[in-house]
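To keep things clear, I will list the structure first and then write my remarks on it.
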Amino acid sequence: MGTVVSLTFSLIQWIAIILFIILTYELLRLLVVTFFKRRFIKSVTSFLRKHQVRFDQYKLTNKLIIKDQILHDWEVTQKILEESREKSIPYEEAREMADRYIDEIVPTFNLLSYYKFGFAIARFILRSLYEVVIDEDGRDLVRDIPEDALVVYVMNHRSNLDYVVVTYMLAENISISYAVGEWARVFPLDALFKSFGAYFVRRNFRSPLYHAILKKYVQLISANRVTQGIFLEGGLSRDGTFRRPKTGLLDYILTARSEEGESLNVVFVPVGINYDWILEDRTLVREWKEGKTTMTLKDHMRSLITILLKSPYLLVANGLRLLTGRMKEHGYISVKYGHPVALRSLVESTSFYQSEAYDGRRDELKNVGKELLQYIGEVIPVTPVALLSYTLVQIGAATVSKKRCLRVMTDLLEKLEENGAELMMGEEYKSQLAIRMNLDSERWFRKRELVDFEEDLLKGDEIEKTLQLGVEILHRRKFIKVDSKSISIIESKRSYLEYYANTIRHYLKQSHPGKVTTETL
């Protein structure tokens with residue numbers, strides 16, 4: 001009997017010890033989580049105040065509230081009933097289908113995730129691979145937009161990395177909501193993008209119920225003035241030129257109404273993005289040459305896998321180069337902002353706001369999309385690779401001397417700048433930028449002829465640096481061969497030079513067979 005009592009007491013002791021350990025662990029975990037959470041919140045709050053970030057409170061609305069607002073929308077309710085009748089399924093099953101669509105679309109924005117982890121991840125990835133040059137002066141134009149306006153950033157679409165670029169470039173201004181395709185609905189990207197405030201969109205999915213829910217969600221965030229971003233082309237450019245604008249999401253935004261039932265004051269901010277090296281350009285150029293105009297889910301996944309597989313290698317390679325003093329970046333990602341454009345200046349007819357059916361707005365929407373694409377085209381930055389590629393394509397010869405290349409490049413850049421283009425210069429141009437700043441400050445008390453002479457010399461120095469940077473990247477990628485006096489195009493790679501040349505071709509108003517230019521938009 002005594003043995004049984006002893007064993008029972010021993011078991012109770014062990015249970016008590018285990019419970020104590022569990023409780024102690026949970027208590028410590030709670031204290032640690034609370035401590036770091038408070039520090040993160042304090043840090044984020046400080047960041048928002050320091051940079052005077054416009055923050056959309058509606059993003060913090062509980063997802064259940066948003067779901068309730070969507071499900072109680074008259075149009076969504078009607079689509080659920082239609083789904084039930086057409087598929088001969090119970091109403092409850094159709095309602096569950098709507099629930100799944102809502103869960104898929106609606107994000108769960110997390111302030112800490114966006115400003116502590118999202119921004120840090122974006123900065124690490126981009127700075128490890130590229131030098132990011134952002135038009136700081138243009139970014140400040142957004143601060144003058146009225147507080148009651150719905151701000152929509154409209155951007156060109158070069159790479160799947162654009163989503164990371166957007167997170168990075170706007171963190172000091174605003175956290176934006178933007179649509180991402182099905183390619184991002186894989187673990188852990190789905191949770192990551194949703195915590196950043198992105199919402200998923202199924203491309204070429206014809207379900208009326210799905211589109212009613214998507215429309216209602218976009219109109220909800222629009223009515224609550226949530227800043228949004230749209231890649232107006234809807235997909236990646238295969239040949240470097242603009243694709244025709246998509247108007248679906250644009251229509252949802254522009255037909256949203258305020259709580260008072262009035263049309264929203266929508267202001268668009270054009271943003272141009274250009275790269276020296278697009279990680280998935282091999283896939284895009286191959287599809288261009290094969291005549292493919294749309295990317296399937298399989299294509300998106302292949303592109304994503306290319307980035308995921310390639311990025312770690314590039315990060316390690318660049319890390320080793322950094323340690324050995326042989327750092328070779330993938331050139332520039334350049335971002336430039338245009339002047340904000342009010343919707344009212346784009347829409348001429350009042351019938352646009354009054355038409356209930358999409359067909360009644362279609363033509364006007366297409367015109368708005370084309371005009372916005374023109375505004376984006378006016379701020380596409382010029383990069384060293386784009387400029388050198390255009391120069392080599394324009395010359396047309398298989399081999400060209402460096403002197404001739406430099407001469408043609410100089411004339412080409414002058415024409416581009418006359419048409420509003422800008423060569424974005426980063427750290428590689430540090431000495432030239434410093435000299436230019438001194439010249440600008442001394443202009444008022446020095447002889448104009450002397451200043452002009454020094455500016456010409458400086459311009460020549462900048463072009464030589466641009467040629468050097470472009471040659472380094474194209475040679476490293478085995479698109480060209482280089483010796484001390486000449487540059488030779490590797491014919492099998494000429495398509496890549498055409499691709500990068502096309503990113504700035506629209507500035508020169510030259511039509512190109514099979515391409516959309518600003519003249520034809």
Taking amide H atoms as placed 1.01 Å from N in the peptide plane, list the residues 5 or more away in sequence, or in a different chain, whose amide H sits under 5 Å from that of Ser486.
Lys402
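For Leu27, Leu469, Leu508, what ranking results if the residue with the fewest other Cβ atoms within 10 Å of its Cβ goes first?
With the fewest neighbours first, Leu27, Leu469, Leu508 line up as Leu27, Leu508, Leu469.
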Arranged by the count of other C-beta atoms within 10 angstrom, fewest first, what order do Phe20, Phe193, Phe117 take?
Phe20, Phe117, Phe193
Largest-first principal axis extents, alpha carbons of the stretch 90-147, Å:
56, 35, 19
The distance between the Cα centres of the stretch 84-105 and the stretch 246-296, in whole Å, is 29
Of the listed peptides 205-218, 224-237, what is their order by residue-averaged count of other C-beta atoms within 10 Å, with the highest listed first?
224-237, 205-218
What order do you get for Thr24, Thr108, Thr466 when you list them from fewest to most C-beta neighbours inside 10 Å?
Thr24, Thr108, Thr466
What residues have an amide H closer than 5 Å to that of Leu423, excluding those fewer than 5 places away on the same chain, when H is modeled at 1.01 Å from N in the peptide plane?
Val382
Solution diffusion estimate, µm²/s, Stokes-Einstein, the stretch 384-508, Kirkwood Rh from C-alpha pairs, 20 °C, viscosity 1.002 mPa s:
138
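All of the numbers you see were taken from the coordinates with simple rules; none came from a lab. If you're wondering where the values come from, they're calculated on a predicted model, not measured in any experiment. Ideal geometry is used to build each Cβ from the backbone, glycine not excepted, and the neighbour counts take in all protein chains shown.
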